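Peer 1: Structure provided below as C-alpha cells; questions to follow.
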Amino acid sequence: MASNHSADHESRVAVLVDCDNTTPEILEYALRVVAQFGRVVLRRGYGNHATLANKWQEALVRLAFTPCLQFQYAAGKNTSDIALALDAVEALFDKRADTFCLVTSDSDFAYLCRKLRERGATVHIVGEAKSPDALRNASDQFFEWTKPEPAEVETPAPKTSAKKTEIKPETPRPLPKLRPKFVVDAVTMLANDTSEGKVSISMLGSYLKRADPSFTPKKYGHSSLLNMLKTYELLKLQQGAGEHWFVHLASGLQDV
C-alpha cells in the first residue's frame, strides 16, 4: 500500500505555451523546470499560423508538443490566449492535470492563474525578464528565463592522466568526457528545495530523465551518473548510509 502512495499522488503537469508572446529558446528551460514537480501529461503550444509555421515549428515538433493553431477571426483579437485558458480550465475540471506551467510573459494570464489556484491547482510561470509583477505575483512560483551566454556549453572534463594510448585506425575513438552545464543547474535547483542543500544521486537521475527522456551519462562519455558527477569542479559528492550518494554545490554545503 505504501509503495503505491507516491505513484498515486504524483502531480500531473500541464505545460501550456503562449507561442505568440515568447521565444522557442525558452522551451527546453521550461521542461527542465517542471520536471521537478511531477509527470508532464500535457504539452501544448498555442499560436497563430504565422507563429507556429515559422520560428516555433521545429521546437514544438522536436520536444513533442501538440501545436494548437488558432486563426484570428478579426484583426487585433488574440484567440490563442482564449484557447489556452479554456484548455487549462478543462484539464483541471477533467482531473487530467493538477499542476500547471504557463510559459508566457503576458499579464493577461494573471486572472487565469488566480482562478486555477482558487480551485486548488498549483501554477508555475516561466517567463522572460519583461514579465510584469501582476503575472509574477499571480503564480505559486515564477521562473525567469534569460538568454544563455554562448560560453554556456558542454565543456570537456579535465584529464586525469597524462598517459597516452595509441589508438589503432580501426578502433572507434571514445567519446570525450563532457560536463554539460544543465547538470549543475539541476543540482542547484533541486538542492535549493532541501534543508541540507544536497540531493540524492537517484533523485537527480530521475529528474534528468524526466527533463530529457533520452538522457544517459554514456551520451557524454561517462559510464554512470556518479562517475560523471565526479568530473565536476563545481559539485561535491557525499556518501550516506549504505550505497546512497548525495551531491551538492562545492561552494554551498560543507562536509561535517
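The values are calculated or read from the model by the stated rules, or taken from the named source; none is laboratory data. All of these numbers come straight from a predicted model, not from anything done at the bench. Ideal geometry is used to build each Cβ from the backbone, glycine not excepted, and the neighbour counts take in all protein chains shown. Just the protein is used for accessible areas: all its heavy atoms, side chains included, with ligands, DNA and RNA removed. Shrake-Rupley method; radii C 1.70, N 1.55, O 1.52, S 1.80 Å.
Peer 1: Report the far tail of the P(r) of the range 57-130, meaning the percent of Cα-Cα pairs longer than 21 Å.
Peer 2: More than 21 Å apart: 34 percent of the Cα pairs in the range 57-130.
Peer 1: Provide the per residue accessible area, probe 1.4 Å, for the range 10-94, rounded to a whole number of square angstrom.
Peer 2: For the range 10-94, the solvent-accessible area averages 48 Å² per residue.
Peer 1: Something else: For a test of the definition: using alpha carbon positions, the gyration tensor, and the 1.5 limit on a/c, classify the range 25-94 as rounded, prolate or oblate.
Peer 2: Oblate, because a/c is 1.5 or more while a/b does not exceed b/c.
Peer 1: On to the next question. For a protection proxy built on the mean count of beta-carbon atoms within 10 angstrom, sort 61-70, 225-234 highest first, please.
Peer 2: Highest-to-lowest ranking by the protection proxy: 225-234, 61-70.
Peer 1: With a 1.4 Å probe and every protein chain kept in, tell me what percent of the accessible surface of the range 200-247 is carbon plus sulfur.
Peer 2: The nonpolar share, carbon plus sulfur, comes to 59 percent.
Peer 1: I've got another one for you. How big is the range 1-143 in terms of Cα radius of gyration and Dmax, in angstroms?
Peer 2: 14.9, 56
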